[in-house]
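Report on the structure given below.
The values are calculated or read from the model by the stated rules, or taken from the named source; none is laboratory data. Because the structure is a prediction, the values reported are computed rather than measured. Methodologically, a virtual Cβ is constructed for each residue, glycine included, from the backbone with ideal geometry; neighbour enumeration extends over all protein chains shown. What goes into the accessible areas is simple: the full protein's heavy atoms, side chains included, and nothing from ligands, DNA or RNA. Shrake-Rupley method; radii C 1.70, N 1.55, O 1.52, S 1.80 Å.
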Amino acid sequence: MTAEILDGKQIAAAIRAELAQEIADFVQKTGVTPGLATVLVGDNPASVSYVTAKGRTCQELGMQSFQHTLPASLSEQELLELVDRLNRDRQVHGILVQLPLPKHIQESRVLYAMDPNKDVDGFHPVNVGRLLIGEEIFPPCTPAGIQELILRSGTPTDGAEVVVVGRSNIVGKPIAVMLMQKKRGANATVTVCHTRTRNLAEHTRRADILIVAAGAPKAVTAEMVKPGAVVIDVGVNRIGTTESGKPKLAGDVDFDGVRAVAGKITPVPGGVGPMTITMLMRNTLRAARLQVEGRS
Ligand code: L34
């Protein structure tokens, strides 16, 4: 068996086309153009590439993009002042502070400082709490992208065994919560594995849907996967450079090996990454609706 490739790029493009129409309708109806402010501190090459793509996608979909690029030497106080300004700027409906931040800046302080109604990443504690009780307005972008990918691939989640490898605040924990909710595209039985899990393979082999956000290449290999399983690879590891000097990317899953046993698998690049950016666009439109029309 060779797994079907779950083409995140293609699914993302379809959703973006829908969003572009919704944004055009919103602009026509309200006279307001949704705006996203991105904040990048420092020059981490991966962050630069993601933030650039976010700004560009905003413009492609007919939204405004305000890109703030700041030196790694920026003080925490200066960043908090910028967030405060963006909170009060009526043209800015969504704010995204790209993570990770330099070590001298406490991430939680910055996330707490953000207006929860502009927190299109869904990282503010109020939004994390809303997610837990199933009343989210901004589902975090990578988990939302994963859920949408599963949904649009026609994979049933109701009663499915989902195994998540990784327990980060931005992927592992929120995707586990989202897939266990009593909702459409959820209702799964979720197991969360992490670095202290005993016998990881014993868990992963039970998964109908295996979500890998471990942060290490080849964390999941073929013998860890149940035949026919749907495998979602969230990892983005830079494993060298191509001949043209571009970074060479690999996920957390041994793609070639796992492809031979899985039923469906996402590639890296072209899997979850493009979905993440698309969900950010969806959340930004939602934020604009909330702020302008008082409903999402
Ligand atoms: N605040 N910080 C905040 N919000 C986020 O949602 C993120 N994340 C993660 C890192 N920090 C963040 C992202 O945006 C990871 N992430 C992200 C976004 C886009 C892509 C990957 C990760 C992506 O588009 N990946 C492409 C390849 C891009 C490349 O060439 O490097 C892909 O096809 O997978």
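Figures for the structure shown
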| read-out | value |
| --- | --- |
| Ranked packing of 7-14, 179-186, 259-266, most packed first, by mean Cβ within 10 Å | 259-266, 7-14, 179-186 |
| Amide H within-cut-off set for VAL165, under 5 Å, with H built and near neighbours excluded | CYS193, ILE211, VAL212, ALA213 |
| Cα long-axis angle, helix 141-152 against the chain (0 to 90 degrees, to the nearest 10) | 50 degrees |
| Share antiparallel - DSSP beta bridges, the chain, percent rounded to 5 | 10 percent |
| GLU161-ARG238 pseudo-label distance in nm [points 7 Å out on the Cα-to-Cβ vector] | 3.8 nm |
| Carbon and sulfur %, accessible surface of the chain computed with the full protein complex present, 1.4 Å | 51 percent |
| Peptides 232-238, 121-127 ordered by average Cβ neighbours within 10 Å, highest first | 232-238, 121-127 |
| Lysines with Cα under 29 Å of LYS182, excluding same-chain neighbours fewer than 8 positions away | LYS9, LYS118, LYS173, LYS226, LYS264 |
| DSSP beta bridge pairing in segment 138-296, given as percent antiparallel to the nearest 5 | 15 percent |
| Environment charge of ILE133, counting only residues whose C-beta is closer than 15 Å and scoring Lys/Arg +1, Asp/Glu -1 | +2 |
| Accessible surface, per residue, of the chain when the full set of protein chains is kept, probe 1.4 Å, Å² | 47 Å² |
| Positive minus negative residues near MET178 (Lys, Arg vs Asp, Glu; Cβ under 11 Å) | 0 |
